[in-house]
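As structure tokens, the structure follows; a few thoughts come after it.
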Amino acid sequence: MSIEELKVFLDIATEAALAGGAELMSYWGNLKDIQEKGNPGNLVTEADKAAEEAIVKVLQRHLPDHAILAEESGELGDITSRYLWAIDPLDGTTNFTHQYPFSAISVGLLIDGLPQVGVVFNPILDELFRAAKGLGATRNREPISVSQTTTLEKSLVITGFAYDRRETTDNNYKEFCQMCHLAQGVRRSGSAALDLSFIACGCADGYWERNLSPWDVAAGIVILEEAGGKVTAYNGSPFDFKSGKILATNGKIHDLMSKALIEIPPLAYWDTTDRLN
Ligand code: IPD
Ligand code: CA
Ligand code: CA
């Protein structure tokens, strides 16, 4: 894939994200249709649907041969294509319904299964993150890079909790306790795409989460890697979209965070005085 081709795809992804953002803003503070889908708390609104329609329209107009995997519509086009666009039209729907201004559109392009182009756009705060393989990463068109933090004690880390958390013991609760204990601070923002972008621009140092879908992370992975960060599974092996478990850091705390996420005491440990001794 040539740099020139990637630049074209990046511009198309940007056009799509901005079109979706305009749709989202027409519903900001003005939502009428909020429904649950699947697990409790997993919301979908008319804003998600309208933004997705606008994004898909732009992609299909420019790239009719490419496949699309969109959160609300599923697979579209020729799914055997080597080009697959993974789209989340509103990442942070819960935030959006509360008018908590931390939500984004995520438009990522996988070529032969590898993330190559990513755009994450928060239309509420007008923040645009962009990257393509070999082209670097930007925030509002200015180059960004990851933080220099090297210890967990000095790290601000981010996580999230999937909608199935009440139905599984693999719910991230013990990992959350462990990281609260070890890191300087832990945040749960409610948008995986923005979480990855914030590691990319150095505002935080590490991020982990389970049960993510390709549309949550495809764009953010490119942005973070192009900003100098590292993305793997919890144990440091290559990230697998099918597993949904991601460890994403500035690279410098990667091994420390990986170790912390693997060597976790049982949840009951946090209820005892053992940890104080
Ligand atoms: C969710 C957000 C959240 C993460 C959830 C995702 P949605 O996406 O990215 O931060 O913790 O796992 O499902 O439902 O707002 O598109
Ligand atoms: Ca999402
Ligand atoms: Ca979504």
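The values are calculated or read from the model by the stated rules, or taken from the named source; none is laboratory data. Note that the structure is a prediction, hence the values are computed from the model and not measured. Cβ: placed from backbone, ideal geometry, glycine included. Neighbour counts: every protein chain shown. Surface accessibility is based on the protein's heavy atoms, side chains included, excluding ligands, DNA and RNA. Shrake-Rupley method; radii C 1.70, N 1.55, O 1.52, S 1.80 Å.
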Environment charge at residue 124 (Cβ cut-off 14 Å; Lys +1, Arg +1, Asp -1, Glu -1) = -4
Under 5 Å from the placed amide H of residue 209, counting only residues 5+ away or on other chains, we find 246
For the chain, the Cα convex hull volume per residue in Å³ comes to 122 Å³
Using heavy-atom solvent-accessible surface (probe 1.4 Å) with all chains present, what is the largest-first order of 93, 80?
-> 80, 93
Roughly how big is segment 1-149's charge dipole about its Cα centre, with Cβ charges of +1 (Lys, Arg) and -1 (Asp, Glu), in debye to the nearest 20?
-> 320 debye
Near the amide H of residue 147, under 5 Å away, which other amide H atoms are found, from residues 5 or more places off or on another chain, if H is placed in the peptide plane?
-> 202
In square angstrom, what is the accessible area per residue of segment 152-262 with a 1.4 angstrom probe?
-> 38 Å²
So what J values fall out for segment 67-84 if you push phi through Karplus, 6.51 cos²θ - 1.76 cosθ + 1.60 with θ = phi - 60°, rounded to Hz, Gly and Pro as x?
-> 8, 10, 10, 10, 4, 8, 9, x, 7, 10, x, 7, 6, 8, 4, 6, 9, 10
Dipole of segment 152-262 (Lys/Arg Cβ +1, Asp/Glu Cβ -1, origin at the Cα centre): which of 211, 251, 262 lies farthest to the positive side?
-> 262
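Looking at the square roots a ≥ b ≥ c of the eigenvalues of the Cα gyration tensor of segment 3-143, which shape do they give, rounded for a/c under 1.5, prolate if a/b is larger than b/c, or oblate?
It is oblate, given that a/c is not under 1.5 and a/b is not larger than b/c.
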Given unit charges at Cβ for Lys, Arg (+) and Asp, Glu (-), the dipole magnitude of segment 152-262 about its Cα centre in debye, nearest 20, is 220 debye
In sequence order, what are the phi-derived ³J(HN,Hα) couplings for segment 57-62 according to the Karplus relation 6.51 cos²θ - 1.76 cosθ + 1.60 with θ = phi - 60°, rounded to whole Hz, with x for glycine and proline?
-> 4, 5, 4, 5, 5, 7
Using a 1.4 Å probe over the heavy atoms of the protein chains, calculate the carbon and sulfur portion of the accessible area of the chain as a whole percent.
-> 51 percent
Can you run phi through the Karplus equation (6.51, -1.76, 1.60; θ = phi - 60°) for segment 47-54 and list ³J(HN,Hα) in whole Hz, with x for Gly and Pro?
-> 5, 4, 5, 5, 5, 4, 4, 5
If you put +1 on each Lys and Arg Cβ and -1 on each Asp and Glu Cβ, how big is the dipole of the chain around its Cα centre, in Debye rounded to 20?
-> 620 debye
Among residues other than residue 101 whose Cβ falls under 14 Å from its Cβ, what is the net charge (Lys/Arg +1, Asp/Glu -1)?
-> -3
Given a cut-off of 28 Å, name the pairs among 37/57; 133/154; 133/242 whose C-alpha atoms lie farther apart than that in the structure shown.
-> 133/154
Using a simple spin-label model with points 7 Å from Cα along the Cα→Cβ vector, what separation in nm is obtained for residue 262 and residue 1?
-> 3.0 nm
Hey, got the Cα dimensions of segment 152-262 along the principal axes, in Å, largest first?
-> 36, 31, 25
Between residue 37 and residue 276, Cβ-based FRET efficiency (R0 51 Å, step 0.05) works out to 0.75
